[in-house]
Amino acid sequence: MADRYLILEDGSAYLGEGFGSPAVSTGEIVVNTSMTGYQEIITNQIYHNQIVAFTQPTIGSYGINHDSYESILPTVKGVVVRDVASISTNRQRRWSLDQYLKQQNIPGISHIDTRHLAKQLRASGPMKASIVDVADAHAFDQLGATVLTNQQVAAVATPKPFPNPGTGLNVVVIDFGLKHGILRELSKRACNVTVLPYTATTEEILNLDPDGVILSTGPGKPQDLPASVTEMIKNIQNRVPLFAIGLGHELFAMANGAQIMKLSPEHHGANHPIREVITNQIIYAAQGQGFAVDADTVDRNKLITTFVDLIDGTIQGLRLRDFPAFSVQFFPDGAPGPTETRDIFDEFVESMQQARGQSGEQSSLTKSVDYRRWA
């Protein structure tokens, strides 16, 4: 493996060894503390235009398999690791991480002191970085001159509707950078899913006669999306049950008058402790969060806080007082991460069943939830 450099816009440089694609790339660098799940992280569209540095010392030990994609075409700009494994005994392995990154034209760099890098980024916050062959003045000039797009959702969301067929409740998913884990959880519950572009209008959504609507995860700053998105949410949230995740959660909060603030340090990991407000139960969840809802701007007459982060107190969940519309900042599907948050999908299914006026025995996949308990 050839020597390569990770350079940061503050002028620092890290010498390492290249793997994956030999391409030169630039993106915002973030640190992910997950111990497993590197394939899901690399293929998660929230990391569009970002270079992901893993703090887990060895990455790649179980290769790449068909079951762990969160998107088909990853848009991450690079992978930074301490050590990369070249051998795997995982029976599901199809390629090594090195082979996969070559296929996708994504550069990687190993032998980096990721502990030092993580401390540096925790102090400074995310910044632009490049993976290059030579750390000279020209490379730093190029890095400084690079302007990263703020049209990230438009770059990764589907341009046309597509189905994920099922035999049960009719769910519309608005794609802002969809994780496949959301579709997997809906499929487990037999939902008939139609995925629509983030530009979908209220009329286009309601014409599909949905039992419920999901606002998906996605990359970037929520304020960069057009005002038509929050207008759509305002129109939908009091007509059909709504469940918003990640970027969708931030947009849901904005549609109800709250403001969004930049988070420093960001949350990227799979074991964040979160408290459910009504029960005081502690859960652990996967997060990929660069922004947060400003708690001081939440209209308490309209919205209820349902989950909070135990580390910094940021809002991790909201719901409307008067309608079955709710949101979470974390990834309830796991993928990667703990599975104890997946029952939130069951709550969404039950809210749809209640809205339809169904009675009798509930599905074995749903649990009994009294939504009035949040009042």
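Sequence gap at least 6, Cα distance under 8 Å: using those rules, report the relative contact order of the chain to the nearest whole percent.
14
Filter the cross-link list 160/262; 77/262; 128/160; 77/188 down to pairs whose alpha-carbon distance in this structure exceeds 24 Å.
Numbers: 160/262 31 Å; 77/262 21 Å; 128/160 32 Å; 77/188 32 Å.
From 160/262; 77/262; 128/160; 77/188, over 24 Å: 160/262; 128/160; 77/188.
Express the relative contact order of the range 218-354 as a whole percentage, based on alpha carbon pairs under 8 Å and six or more residues apart in sequence.
26
Straight distance only, please: which lysines reach the Cα of residue 302 with their own Cα at less than 21 Å, same-chain residues fewer than 8 apart left out?
Output for residue 302: 234.
If amide hydrogens are placed 1.01 Å from N in the peptide plane, which non-local residues have theirs closer than 5 Å to the one on residue 286?
Residues meeting the amide H criterion: 331, 334.
If I build a Gaussian network model for the chain, linking alpha-carbon pairs within less than 10 angstrom, which residue out of 340, 17, 185 has the largest mean-square fluctuation?
340
What is the range 1-64's relative contact order, in percent, from Cα pairs under 8 angstrom and six or more apart in sequence?
28
What label, among (i) 32, 29, 20; (ii) 41, 23, 16; (iii) 36, 22, 19, belongs to semi-axes √(5λ) of the Cα gyration tensor in Å computed from the structure on display?
(iii)
Over the Cα atoms of the range 1-89, what radius of gyration and what Dmax do you get, in Å?
12.9, 40
When the chain is fully extended, how far beyond the present Cα-Cα distance does residue 355 get from residue 138, taking 0.36 nm per residue of separation?
Details: separation 217, 0.36 × 217 = 78.12 nm, distance 6.04 nm.
Taking 0.36 nm per residue and subtracting the Cα distance, the gain is 72.1 nm.
Which percent, nearest 5, of DSSP beta bridges in the chain are antiparallel?
Restricted to the chain, the bridges split so that about 60 percent are antiparallel.
Please give the calculated 222 nm ellipticity per residue for the chain, where each DSSP H segment of at least 4 residues contributes -39500 (n - 2.57) and the sum is spread over every residue; nearest 500 deg cm²/dmol?
-6000 deg cm²/dmol
What is the spin-label model distance, in nm, from residue 123 to residue 201 if the labels are put 7 Å beyond Cα along the C-beta direction?
5.4
Listed highest first by mean packing, meaning other Cβ atoms within 10 Å per residue, what order do 225-237, 205-217 come in?
Final packing ranking: 205-217, 225-237.
With a 1.4 Å probe and all protein chains in place, put 323, 348 in order of accessible area, largest first.
Order by accessible area, largest first: 323, 348.
The values are calculated or read from the model by the stated rules, or taken from the named source; none is laboratory data. Quantities reported herein were computed from a predicted structural model and do not represent experimental measurements. Here Cβ is always computed from backbone atoms with ideal geometry, including for glycine, and neighbour counts include all displayed protein chains. Ligands, DNA and RNA are excluded from the accessible area calculation, which covers all protein heavy atoms including side chains. Shrake-Rupley method; radii C 1.70, N 1.55, O 1.52, S 1.80 Å.
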